Amino acid sequence: MTTRAQRSEKFGAAEGDGIIRCDACPVLCRIRPGRAGACSRYANQDGVLVRTDPALALAQAIKGNAPLVPFAQADWDGALIDPSRVFVTGVGAGTTYPDYKPAPFIVGASHAGVDTVTVVTEGMFSYCGVKVKIDTDRHLGPEAAPVRVQGEQVGHVTTAEYGSQMLSIGGVRHLTGGSKKEGVVTCDTLLKLCEAAPVEMTIDGGHSVVVQAGAAPIVDGVAETRMRVGCGSAAVGIFAQQWLGHVDEVIVVDDHITGVLSEHQAGKVLHMRAAGIRVRGRRSTPGRYFQVARPGLGWGGTDITDPLEIIERIDPAVAWPGLRLLMTSTTGDHALYFVLNEALRPVETEIPEAVRRVVDRIGENCEPSLCSVVFMAGAGGSLRAGVTENPVLLTRAVAAGEVRVTMGGAPVYLWPGGGITVMADVLRMPRRAFGTVPTPAMVAPIEFTLPRDLYRRLGGHMDQVQPVEEVLRALGEDLRVETLHQGNPWPFPR
C-alpha cells in the first residue's frame, strides 16, 4: 500500500538534520520535522514530505447503496466504490511545479465504451480572481471605484447588470503588482470568498458590504432581501393591467429607469387618462426617465427617502382633485399612496387593499437577494506541461471541444479566444477545494478529460497513465470520497 508520505516524496528533497526542501511551489520552504510549510498544505512527517489534506474522489453511486466513507481504512482495497462511477479530482492532488513534472495523477478509465484519460492536478494561479454578483438595487459605489479589505485595494466595482451590482476581485496586479501586504490580503480575500466564507469590504465613495457566496449581502449592516423584478419601466409594464381602475397614476422609482404609468406605452394601450404629474430627470421615451435622483440606499437604489422629492411639477390643466397616485420601488419594499387635494397637493393616505395586493405581488416576483462568487483563472504553460509535452496542442484541443475541463469535478465556462481561461461557480465545487501559496497565488483543482487516443496524439505522458483501480487502491487512507454535487453533470461521457 502506498502511504500518503510515499505519495508525496516527489515534491521534496532531504537536506540533512531531517529538514526537507519542498519544491511544490516557488517558495521552496525548508520544513523541519513535525512542522508544515508556509502554505500548510505540506508537512515534514518523520523526514518525509506529506500532504496534510487527502485527495478527493467524487462518486456517482455506491455499490449496494452502501454509505460513503469520508476516509478509507488502511486495509481498504477500493471494493466499496465501483471504479466506473468514480472521478478523481484535483483537490489534494499536488502540483506540477517546477513545471517539468507530469501531473500528479493521470488516470485511465473506460466510460460508455470509450477509453479515457483524466489528467488531475492542482494549479497555482497568479492570474486569477473572482467575479462577485450581488443581487441588490442598492448603490454600493461608483463604477470602477476601488474595493478594499483591511484598507488594501483588492479589486474594483465593475459594470452593473440587471438587478445586480458586480465586483471584480483579485487579479495578478493586486496579487503581485502592489505591496506585499496588498498581495497577502488579496490572496486571503480570494480564499475566503472561494470557500464561501463572509468577507467585509468597503468601496471608495460608497458603502460597506459583507459578501458570502450563497448568502444575502449585508450593506452598511443591513441584510438585503429582494432582487428587483425589473427596472421602473418594466415594473410599470408588468403590472399595468393589475393597477388599471384602482389608481390614476403609478410612479415606480428606480435609479436607472423610473417608470410613469399614464405616460408609458402600457398606459396608452390601456387608454389611461393623462395625470399631468411630471417627474424630475431626463425623459428618455414616454413614461421612462433617467437620473431622477442620485444613487444611494433609498427607494429603488436612489438616495431619496421621500418619493415626492422626484416630482417636478403637477400640471393644473391636466391633474384633478381626487387623483389617486401610487409611488413604489422596484422591489415593493417601499410604497406610499397619495390622493391629490383641492390644491392638487399629494396627501398620503392608507393604501387600498386592491392596490396593496399588486404592490405585494411585486415583492412576490422578486427573487431572493444573494451573493454569487465565480472563480476565474487562466491555465498557464507550466500547468499544461503537466498534461502534454507540447502544451499548445492541449490548448487547441480544449478550444475545439475535444477535451472536457472541470475544476474539482465542477463544470466550467471556457472563454473563447487564446489560452485556457475558465470560470467556475465556487458553490458547485467541493468544500476545501482551494488553497494558497505565499508567492502569493491561489491553488485550485483542475482536470482535463479526453479519449486515450487523443491524449496520445497530443503528446501526453502515456507512461504515467494508471488505471483508476490502481489509483484508488494506491491512495488508500489518503483518499476522501464525496458524492457528486447534485447540480453537476457527470464529467465522463455517458
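The values are calculated or read from the model by the stated rules, or taken from the named source; none is laboratory data. Note that this is a predicted model, so its numbers are computed, not measured. Neighbour counts run over all protein chains shown; Cβ positions are idealised from the backbone, glycine included. When the accessible area is computed, the model is the full protein with side chains, heavy atoms only, and any ligands, DNA or RNA have been set aside. Shrake-Rupley method; radii C 1.70, N 1.55, O 1.52, S 1.80 Å.
Residues being of a type outside the set (Asp, Glu), within 18 Å of residue 244 (Cβ to Cβ), in a loop (DSSP other than H, G, I, E, B) and at pLDDT 95 or above are represented in the stretch 339-355 by at least one member. Remark: pairs (first residue in the stretch 90-107, closer than 22 Å to residue 432 by Cα; second residue among the β-branched types (Val, Ile, Thr) and modelled with pLDDT under 85; Cβ separation under 7 Å; 6+ apart in sequence or on different chains) = 103/96. With respect to the stated conditions, residue 237 fails to be of a type outside the set (A, V, I, L, M, F, W, C) and part of a strand (DSSP E or B). State whether one or more residues within the stretch 106-117 are open to solvent by less than 40 Å² (accessible area, probe 1.4 Å), over 30 Å from residue 51 (Cα atoms) and part of a loop (DSSP other than H, G, I, E, B). Within the stretch 106-117 (the criterion being open to solvent by less than 40 Å² (accessible area, probe 1.4 Å), over 30 Å from residue 51 (Cα atoms) and part of a loop (DSSP other than H, G, I, E, B)), the answer is no, since none of the residues qualifies.
Against the definition (among the aromatic types (Phe, Trp, Tyr) and either farther than 28 Å from residue 485 by Cα or open to solvent by less than 10 Å² (accessible area, probe 1.4 Å) (or both)), how does residue 87 come out, yes or no? Judged against the criteria, residue 87 is a match. Any chance you could count how many residues in the stretch 191-228 are β-branched (Val, Ile, Thr) and open to solvent by less than 30 Å² (accessible area, probe 1.4 Å)? Of the residues in that region, 5 qualify. Taking residue 402 as the residue in question, decide whether it is touching a His at 6+ places or on another chain (Cβ under 9 Å), open to solvent by 60 Å² or more (accessible area, probe 1.4 Å) and of a type in the set (Asp, Glu). For residue 402, the condition - touching a His at 6+ places or on another chain (Cβ under 9 Å), open to solvent by 60 Å² or more (accessible area, probe 1.4 Å) and of a type in the set (Asp, Glu) - is not met.
Screening residue 182 with (1) of a type in the set (D, E, K, R); (2) in contact (Cβ under 8 Å) with a residue 40 or more places away in the chain; (3) not in a strand (DSSP E or B) gives one miss only, at (2). Residue-level analysis places residue 47 outside the set of residues that are touching a Cys at 6+ places or on another chain (Cβ under 6 Å) and either farther than 24 Å from residue 439 by Cβ or modelled with pLDDT of 85 or more (or both).
As a summary of the residue check, residue 38 satisfies the conditions (1) in a loop (DSSP other than H, G, I, E, B); (2) among the aliphatic types (A, V, I, L, M); (3) modelled with pLDDT under 80 except for the one numbered (3). Here the condition is being modelled with pLDDT of 85 or more, out of contact with any helix residue (DSSP H, G or I) (no Cβ under 6 Å at 6 or more places or on another chain) and among the polar types (S, T, N, Q); of 89, 52, it holds for 89 alone.
Applying the selection to the stretch 293-311, what residues are outside any helix (DSSP H, G or I), within 23 Å of residue 224 (Cα to Cα) and not polar (S, T, N, Q)?
Within the stretch 293-311, the first condition is being outside any helix (DSSP H, G or I), and the residues that meet it are 293-298, 302-306, 311.
Retained after the next criterion (residues that are within 23 Å of residue 224 (Cα to Cα)): 293-298, 302-306.
Listed by number, the residues that qualify are 293, 294, 295, 296, 297, 298, 303, 304, 306.
Applying the condition of being free of Cβ contacts under 8 Å to residues at least 40 places away in the same chain and either farther than 20 Å from residue 275 by Cβ or in contact with an Asp or Glu (Cβ under 9 Å, 6 or more places away or on another chain) (or both) to the stretch 358-380 and asking which residue is most open to solvent (accessible area, probe 1.4 Å) yields 364. Annotation: of all residues in the stretch 137-161 being at pLDDT 95 or above and assigned to a loop (DSSP other than H, G, I, E, B), the one that is surrounded by the most Cβ atoms within 10 Å (Cβ to Cβ) is 140. Among all positions in the stretch 333-347, there is at least one residue which is exposed (fewer than 15 other Cβ atoms within 10 Å of the Cβ) and of a type in the set (S, T, N, Q). Within the stretch 247-258, the set of residues being out of contact with any Phe, Trp or Tyr (no Cβ under 8 Å at 6 or more places or on another chain) and farther than 12 Å from residue 326 by Cα comprises 254, 255. Counting the residues of the stretch 379-398 that are under 23 Å from the mean Cα position of the chain (by Cα) and modelled with pLDDT of 95 or more gives 1. Candidates in the stretch 466-486 are the residues that are open to solvent by 50 Å² or more (accessible area, probe 1.4 Å) and either under 31 Å from the mean Cα position of the chain (by Cα) or in contact (Cβ under 8 Å) with a residue 60 or more places away in the chain (or both); of these, the one that is nearest to residue 59 (Cα to Cα) is 483. Here is the figure for the stretch 250-277: residues that are open to solvent by less than 10 Å² (accessible area, probe 1.4 Å) and either more than 18 Å from residue 357 (Cβ to Cβ) or not in a strand (DSSP E or B) (or both) total 11.
Is the stretch 312-330 home to any residue that is touching a residue at least 60 places away in the same chain (Cβ under 8 Å), farther than 20 Å from residue 230 by Cα and either in contact with a Lys or Arg (Cβ under 6 Å, 6 or more places away or on another chain) or among the aliphatic types (A, V, I, L, M) (or both)? For the stretch 312-330, residues touching a residue at least 60 places away in the same chain (Cβ under 8 Å), farther than 20 Å from residue 230 by Cα and either in contact with a Lys or Arg (Cβ under 6 Å, 6 or more places away or on another chain) or among the aliphatic types (A, V, I, L, M) (or both): present.
Scanning the stretch 122-132 for residues that are crowded, with 22+ Cβ neighbours inside 10 Å and either at pLDDT 95 or above or more than 14 Å from residue 447 (Cβ to Cβ) (or both) gives 124, 125, 128, 129, 130, 132.
Every test in (1) of a type in the set (Gly, Ala, Ser); (2) at positive phi; (3) modelled with pLDDT of 80 or more; (4) within 32 Å of the chain's Cα centre (by Cα) is passed by residue 18 save one, and that test is (4).
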